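Engineer: Just passing along the structure, written as structure tokens.
None of the figures in this text is laboratory data; all of them are computed from the coordinates on show. Here the structure is a predicted model, which means the values were calculated and not measured. Glycine also receives a Cβ, built like all others from the backbone with ideal geometry; neighbour counts cover every protein chain displayed.
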Amino acid sequence: MKNILFLTITTIVLFVYTASAQNLTVDGAKKYQTIHGLGVNINPQSWNVNPNAVKTVIDSLITGLGCTSFRLMYDDCDWEARNDNNDPNSYNWAYYDSVYSAPRFTCVWNTAQYLNSRGITDITLSPDGAAPGWMGGTKLKPGVEVEYAEMMASMVYYGQKRRTPAIHFSMLSPINETTCGGGEAPVMTTNQLGTIFSSIATHLIHDGITNVTLVGPDDCDGWPASVHAIITNKITMSKLKFLGGHQYGNSTSTSKGLVDSVKNSAYKDRGVIMTEANEVCNGFKCDGGSYNPDYGFNNYAGPAYKYILQHLNVGVNGIQLWEGYDSRYHHPNRYLTWSFWGIFAVNDTLKPDVYTIRPHYYVFKQLYNFVKPGFQRIDISTSRPNLTVSAFRNPKNGEIIITGKNDSDDPQTIDGILKNLASISTLKYYYTDASHNFSRGADVEVNDQSFSKLIPAFGVFTLVGK
């Protein structure tokens, strides 16, 4: 009797110890958003400077980093230097053909065509900057909204139906950060923005453009009013699948706000893409031709990874990091300036023919290399402090991805359990920190759906299994 009692007590003690030791749970029964795509912003204007260098970087972004989504940002929005005609519902192709066949646009088409040749069609065209002078330049004049919309719609039509070969792209972002003071888009009222979006949607419908949708508002802190102007218009929403937003630094106010806007709308089947996101680069001075004093893992790339996981954890469907490679824009200063946010750094601004990998490349490979379009985010929770984690599942083959960022200056052991998932025997382990770049570690054994792994201080990690 004593032996039986001792065995029972021992069993209870062991059970309590095992349960309390678990500090991370992945639950496949709790499913969230489907991933649309993970990628970057790139500047197609660099193609006109050195196309071979751009091709090399694009190849690395696709096959190395794992990007599936590209946002092509180029300036300005002033290419219709004079009104093509007096009818905003009729394209003057004698005029527009000359505009869209000029070098200013051939770089856009050539970049998109090269992406197409690499199997990429999740491409957003995102012109930014000032409107033509006759439309108001940095502040849109009242009454020209339909002309601005015609200009944007004509670009889509040309790329889809007049150019040979046709360019395959999926979204148009017609306005970029209109509430930021005119540096990156003409300032306009929310009524003007709403009119532009609905007018472009009308053009797309009339023109039979079925494979291109709108995305927006891609705005600054004034996004709530812009979203309201978009999401309350039935015509606009018939041609919009995703709201788009921008967020830099350690905040999810915009991403969560956009997700909530969808949930509280009549269009609950729509999604959200963070069309610009990253850690802040040198107080935004990287926009103005200044380098970041520290592009390293601990102070820049590592924190950025945490922030992107936070956006995914509030429910966004896609991420487009700012940006793929260093390049030159007219924004935000209204004169040509280098932007030094790139995952790939330009070696010589006077001769931009060589680009070098920055730490962001290895860090975001921990996510982009594994999580692909169609994957679904599943529930993950942890009691570990200073640990940000996300989990995803491939519905086609049951593969699971567990990834996270240890924000502690000490290593942390995760003792995990997999619930409501197919049996897994091992997890492949990858990690990046200040001393290791996307390194493969020893496989992690899984016993009865439980596993344990020590994560290095400040490290980014990914566990993969099926």
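Engineer: What list of ³J(HN,Hα) values in whole Hz, one per residue of segment 311-320 in order, does the Karplus curve 6.51 cos²θ - 1.76 cosθ + 1.60 (θ = phi - 60°) give from phi, with Gly and Pro shown as x?
Structural biologist: 4, 5, 6, 8, x, 6, 9, x, 10, 10
Engineer: What is the spread of the Cα atoms of segment 258-348 along each of their three principal axes, largest first, in whole Å?
Structural biologist: So the extents along the principal axes, rounded to whole Å, are 49, 33, 19.
Engineer: Residue 452's amide H: which non-local residues (gap 5+, or another chain) put their own amide H closer than 5 Å, with H modeled 1.01 Å from N in plane and none for Pro or chain starts?
Structural biologist: Residues meeting the criterion, in which the H sits 1.01 Å from N, are 416.
Engineer: Right, next: Taking the Cα centre of segment 207-276 as the origin, how large is its charge dipole in debye, to the nearest 20, when only Lys and Arg (+1) and Asp and Glu (-1) carry charge on their Cβ atoms?
Structural biologist: That gives segment 207-276 a dipole magnitude of about 340 debye.
Engineer: Please list, ordered by chain and number, the residues whose modelled amide H lies under 5 Å from the amide H of residue 271; skip anything fewer than 5 residues away on the same chain.
Structural biologist: 242, 243
Engineer: Out of segment 290-335, which chymotrypsin sites (Phe, Trp or Tyr not before Pro) are coil in DSSP terms and have no more than 11 other C-beta atoms within 10 Å?
Structural biologist: 335
Engineer: Calculate the all-directions average of the projected area of segment 18-142's alpha-carbon convex hull, and give it in nm².
Structural biologist: The orientation-averaged projected area of the Cα hull of segment 18-142 comes to 13.9 nm².
Engineer: No solvent, one uniform scatterer per C-alpha: report log10 I(q)/I(0) for segment 37-368 via the Debye equation at q = 0.11, 0.12, 0.14 1/Å, two decimals.
Structural biologist: Each listed q maps to, in turn, -0.65, -0.78, -1.10.
Engineer: Run the dipole for the chain about the Cα centre, Lys and Arg Cβ at +1, Asp and Glu Cβ at -1, nothing else charged, and hand back the magnitude in debye, nearest 20.
Structural biologist: Roughly 1240 debye, rounded to the nearest 20.
Engineer: Taking θ as phi - 60°, what are the ³J(HN,Hα) couplings along segment 427-444 by the Karplus curve (6.51, -1.76, 1.60), each to the nearest whole Hz, with x for Gly and Pro?
Structural biologist: Taking θ as phi minus 60°, the curve returns 10, 6, 10, 10, 8, 9, 8, 5, 10, 9, 10, 6, 8, 8, x, 5, 4, 9 Hz for segment 427-444.
Engineer: Turning to a different aspect of this structure: Kindly provide log₁₀ I(q)/I(0) values, in the same order as q = 0.25, 0.28 Å⁻¹, from the Debye equation applied to equal alpha-carbon scatterers of segment 112-154.
Structural biologist: With one equal scatterer per Cα and no solvent, log10 I(q)/I(0) is -0.85, -0.97.
Engineer: Could you list the trypsin sites (Lys or Arg not before Pro) in segment 22-90 that lie in coil according to DSSP, counting only those with at most 11 other Cβ atoms within 10 Å of their Cβ? All intermediate terms of the calculation are to be shown ahead of the outcome.
Structural biologist: Values: sites: 30, 31, 55, 71, 82; in loops: 82.
Here the sparse-neighbourhood loop sites are 82.
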